[in-house]
Amino acid sequence: GMLQIFSRYKYFHSYVQSVKGRLTGFYLSVIILICLITLGAAAAAGIVNSFLDEYLDFSIMEKVHKLL
């Protein structure tokens with residue numbers, strides 16, 4: 001979260017100065033957002049897996065192990 005705030009600060013602070021200064025903050029912001037979205041998707045998948053295992057007695061990991 002702090003890196004996201006820093007990258008947005010760098011982007012807006014450099015906005016006045018030059019185009020090249022803007023791009024560093026912008027690319028850093030995009031990379032951080034991709035990482036946060038990926039972590040959020042992984043967390044959601046883990047939560048769904050635990051609910052399926054707990055309430056529906058359906059384990060995705062057991063199904064994957066049987067396929068392999």
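Some notes on this structure:
- Failed item in (1) open to solvent by 60 Å² or more (accessible area, probe 1.4 Å); (2) more than 21 Å from the chain's Cα centre (by Cα); (3) of a type in the set (A, V, I, L, M, F, W, C), with A42 passing the rest: (2)
- Test: residue in the stretch 19-27 that is aliphatic (A, V, I, L, M), closer than 19 Å to S7 by Cα and open to solvent by 60 Å² or more (accessible area, probe 1.4 Å): yes
The values are calculated or read from the model by the stated rules, or taken from the named source; none is laboratory data. A quick note: this is a predicted structure, and the numbers were derived from the prediction, not measured. To get the accessible areas, we keep the full protein, side chains included, count just its heavy atoms, and leave off ligands, DNA and RNA. Shrake-Rupley method; radii C 1.70, N 1.55, O 1.52, S 1.80 Å.
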